[in-house]
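Worksheet for the structure shown next.
The values are calculated or read from the model by the stated rules, or taken from the named source; none is laboratory data. Please read these numbers as outputs of a predicted model, since none were measured by experiment. Don't worry about glycine lacking a Cβ; one is built from the backbone with ideal geometry, like all the others, and counts go over all protein chains shown. Quick note on the areas: whole protein, heavy atoms, side chains included, nothing else; ligands and nucleic acids left out. Shrake-Rupley method; radii C 1.70, N 1.55, O 1.52, S 1.80 Å.
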Amino acid sequence: MKLIFIFLIIISSALSSVVMAEVDIHVSEKWKLYESLDAIDKKLYFSQPHQKQIDKTYKLLLKSYQALKNISSVYQPAKIKFNFKHQLDMGEIPIGKLKFFEILLENIGEQKATGLEVTGLSYPLGFVGGEFPGLKGTCSDDLEPGKKCSLFLQLSADQLSSRTVSLKLNYFNSVNSVQNQFKVNYKIVEPALLVLSRHSYNFFKTTIGAKSHYRFQVFHRGGYIAQSINFKWKNGLSKAFVIKNNPDLNQKYHCQNQLVKGQECEFLIEFQPQDDLKNNATLLLEYNNGVSTQHINLSLIGRGQPPGQLLMSQSDPFRFKELTLGDKVNQIFEIKNIGLSSISEIKLKASGRPFSVLKNKSLEKEYICNNEIAPGTMCNIVVSFSPTARGINNGQLKLSYFDGAKTKFFTKNLLGVSVLPAFLVFNESPLFNFGSNKVNTSTSKLLTVTNVGESEATNLNFNDKMGPFYKLENHELKDQECGPHLQQGKTCVFGVEFRPENEGVFSDTLQVFYEDGLSLQVSSVDLLGVGRMLPSHEEPNPNNWRWHLVGIKNGETSSVNPVELVATGILSTPGVSLEVFADALCQHSLHQSVIFGNAHSVVLPMSSEGDNYYYVKTTSRNDVESACTYVAHYKFKSVKLVKN
């Protein structure tokens, strides 16, 4: 208790002095006093037996305690704040780089901070200049309330490392010593390193006036970020080479201002020559690797060459050979690239109805033009001419191609003539009669063939043996004799021999086979002759005679009216005339048959010497007055011989 009394006396004296002097007391000290006085007050309160003894001291203490609570002029201690929170991240720093950074301090307390110092610094981290607060730093040992100052530190990046350094800021806040701890993070990495996909490129054989491109890639192979990426020409602006580095080219990654590790970008170089001279240029890729400015050289070479040029050797207009109507012919057109650039994008079209361009499959063994023709090479185009109308046909072969710089057009005029097929006729048609000839004797006659068509008849071939009739080879006829060809409008002759070996009436058909320009055709003439031993007097038998329709084929439907019937026969009795009455049959769609009645002809002898050959021509009228299908079958009602 004695100690308590002594302490109370000391405290009361001190408090009295403080109150009387009205000295400013820091708030922390005030609260310490509060706590002490409260504790003493409680002890005194619960010490009732001794209360009277300390009554005077207690009253004085209570008075001082109340006065202390009413003091208005109290201050907070100094407190220093950083311009960052508890950690400073310096990021990546390339080797060889000396990086400076500033730390700002601010006293946000109400008392002066004294004895400022920073501890924990070690190489490669330290103050600029080696001493606190670093060159250009403004901090000193003291920092007044509400004031700021700066510290300047540096990091010497000379080897790869990654560290977190703990630093301490020590100072006295007017009450006690304070230690604020903060951390600094840094990572020392390799400088940025950019690499090109290639360091040179030759724009080989670029057509004059055309544009060729090449895409280059830029790869980041270093550690630090590459900055200030820029492209420029080493010796000034290039006329033939242009750099394309913008997103309008739809590039996936175009090179921008910076590139980080592991990334890549790309740019385009365009070459457009204006002549055939050699062009050289050097493009510089410039960037900052974090330490210094770096350059990469890209060497470019290019030479222009003349464009491709198409040549077609055929004449213009090109005339197809004369063609039979209904036939067709294929013509090969050879085209050659006489230029120095490849020709591509070839498109073909033939105008004019009878002309068409055939596809590649039409001539498998030929070199057909594809989509490209290299310089100095050639290929073939196949054009078909297939006329559908007689006369002159005009058309064009139109061709477009890319010569290496631009699209060009080429036109070849086409001309084709179509004519009617060849048509051979015997001048003696439909019947050539040798008359009566003694058995085992011969008679020779010349027959004539004329080509009345518009095309040449080819591959003429005769059936040279026909019973007692024989085709003769007569070389004395020279150019007049029928050969394997007969031009349109021309006539040829040949000999036929009749040599009967027996008595009787002989007949056969002489045929000539030929190509009319389209297909195999045949023309014919009937041959008639009589073989006899001695003259005789016999009645004619018209039923054995040969009957023919004139201008109508057997079984052909025709509206020809009247129809002519022709019969030939031999009458051995001289000096008589033959009167023939005949009816013709006609099959009709509305009638089973129609009889042409009252048809007759008076036959006069062709010769009055010896045996007579009779030529009967009778005319019958079709009373139905409509088309009939004529059948070559006739019979006689009566035959009457009349003496001359």
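For PHE182, all conditions in the list (1) surrounded by fewer than 17 Cβ atoms within 10 Å (Cβ to Cβ); (2) more than 53 Å from the chain's Cα centre (by Cα); (3) in contact (Cβ under 8 Å) with a residue 60 or more places away in the chain; (4) part of a strand (DSSP E or B) hold save one; what is the number of the exception?
Of (1) surrounded by fewer than 17 Cβ atoms within 10 Å (Cβ to Cβ); (2) more than 53 Å from the chain's Cα centre (by Cα); (3) in contact (Cβ under 8 Å) with a residue 60 or more places away in the chain; (4) part of a strand (DSSP E or B), only one is false for PHE182: (1).
What is the one condition in (1) surrounded by 16 or more Cβ atoms within 10 Å (Cβ to Cβ); (2) over 30 Å from LEU300 (Cβ atoms); (3) within 60 Å of the chain's Cα centre (by Cα) that LEU193 does not satisfy?
Tallying (1) surrounded by 16 or more Cβ atoms within 10 Å (Cβ to Cβ); (2) over 30 Å from LEU300 (Cβ atoms); (3) within 60 Å of the chain's Cα centre (by Cα), LEU193 fails exactly one: (2).
State whether the residues of the range 132-140 include one that is surrounded by 13 or more Cβ atoms within 10 Å (Cβ to Cβ) and assigned to a strand (DSSP E or B). Break it down into steps so the answer makes sense when it comes.
Just the residues of the range 132-140 that are surrounded by 13 or more Cβ atoms within 10 Å (Cβ to Cβ), to begin with: 132-134, 137-139.
Add one more test, that the residue is assigned to a strand (DSSP E or B), and what stays is none.
No, the range 132-140 contains no residue that is surrounded by 13 or more Cβ atoms within 10 Å (Cβ to Cβ) and assigned to a strand (DSSP E or B).
Please work out which residue is least open to solvent (accessible area, probe 1.4 Å), limiting yourself to the range 492-524 and to residues that are of a type in the set (Val, Ile, Thr) and closer than 16 Å to THR443 by Cβ. Before you say what the answer is, go through the steps one by one.
To start, the set of residues in the range 492-524 that are of a type in the set (Val, Ile, Thr) comprises 493, 496, 505, 509, 512, 522.
In the following step, the residues that additionally are closer than 16 Å to THR443 by Cβ were identified as 496, 505.
On the way: VAL496: 0, VAL505: 98 Å².
The qualifying residue least open to solvent (accessible area, probe 1.4 Å) is VAL496.
Of all residues in the range 435-473, which are assigned to a loop (DSSP other than H, G, I, E, B), surrounded by fewer than 18 Cβ atoms within 10 Å (Cβ to Cβ) and of a type in the set (D, E, K, R)? Give the derivation first.
Quick first cut of the range 435-473, residues assigned to a loop (DSSP other than H, G, I, E, B) only: 439-442, 452-456, 463-464, 467-468, 473.
Add one more test, that the residue is surrounded by fewer than 18 Cβ atoms within 10 Å (Cβ to Cβ), and what stays is 439-442, 452, 463-464, 467, 473.
The answer is ASP464, GLU473.
Could you check, for the range 159-167, whether at least one of its residues is hydroxyl-bearing (Ser, Thr, Tyr), modelled with pLDDT of 90 or more and touching a Gly at 6+ places or on another chain (Cβ under 7 Å)? Write out each step before concluding.
Of the range 159-167, the ones hydroxyl-bearing (Ser, Thr, Tyr) are 161-162, 164, 166.
This time we only want the ones that are modelled with pLDDT of 90 or more, so: 164, 166.
In the following step, the residues that additionally are touching a Gly at 6+ places or on another chain (Cβ under 7 Å) were identified as 166.
For the range 159-167, residues hydroxyl-bearing (Ser, Thr, Tyr), modelled with pLDDT of 90 or more and touching a Gly at 6+ places or on another chain (Cβ under 7 Å): present.
When both residues are 6+ apart or on different chains and their Cβ atoms are under 7 Å apart, which pairs have a first residue that lies in the range 234-247 and is farther than 15 Å from LEU284 by Cβ, and a second that is open to solvent by 40 Å² or more (accessible area, probe 1.4 Å) and modelled with pLDDT under 85?
ASN246/HIS254; PRO247/HIS254
Give the range 319-343 a look and list any residue that's polar (S, T, N, Q) and in contact (Cβ under 8 Å) with a residue 60 or more places away in the chain, or say none. Even if it seems obvious, please write down each step before you answer.
Step one: list which residues in the range 319-343 are polar (S, T, N, Q), which gives 324, 330-331, 337, 341-342.
Selection gives THR324, SER341, SER342.
If a residue counts only when it is open to solvent by 80 Å² or more (accessible area, probe 1.4 Å) and touching a Lys or Arg at 6+ places or on another chain (Cβ under 6 Å), which strands (runs of 3 or more DSSP E) contained entirely in the range 263-364 have at least 1 such residues? Quick ask: steps written out before the conclusion?
Working: elements: 264-271, 278-288, 293-305, 310-312, 329-337, 343-351, 355-357.
Filter on the range 263-364 gives 278-288, 293-305, 310-312, 343-351.
Quick check: is even one residue across the range 203-210 touching a strand residue (DSSP E or B) at 6+ places or on another chain (Cβ under 7 Å) and in a loop (DSSP other than H, G, I, E, B)? Walk me through it before giving the result.
Our first condition is that a residue be touching a strand residue (DSSP E or B) at 6+ places or on another chain (Cβ under 7 Å); within the range 203-210, this holds for 203, 205-208.
Applying the additional criterion that residues be in a loop (DSSP other than H, G, I, E, B) yields 208.
Yes, some residue in the range 203-210 is touching a strand residue (DSSP E or B) at 6+ places or on another chain (Cβ under 7 Å) and in a loop (DSSP other than H, G, I, E, B).
Would you confirm whether any residue within the range 64-77 is modelled with pLDDT of 85 or more, under 30 Å from LEU135 (Cα atoms) and surrounded by 14 or more Cβ atoms within 10 Å (Cβ to Cβ)? Walk me through how you get there before you give the answer.
In the first step, residues of the range 64-77 are kept if they are modelled with pLDDT of 85 or more; the result is 76-77.
Adding the requirement that they be under 30 Å from LEU135 (Cα atoms) leaves 77.
From what is left, the residues that are surrounded by 14 or more Cβ atoms within 10 Å (Cβ to Cβ) are 77.
Scanning the range 64-77, I find at least one residue that is modelled with pLDDT of 85 or more, under 30 Å from LEU135 (Cα atoms) and surrounded by 14 or more Cβ atoms within 10 Å (Cβ to Cβ), so the answer is yes.
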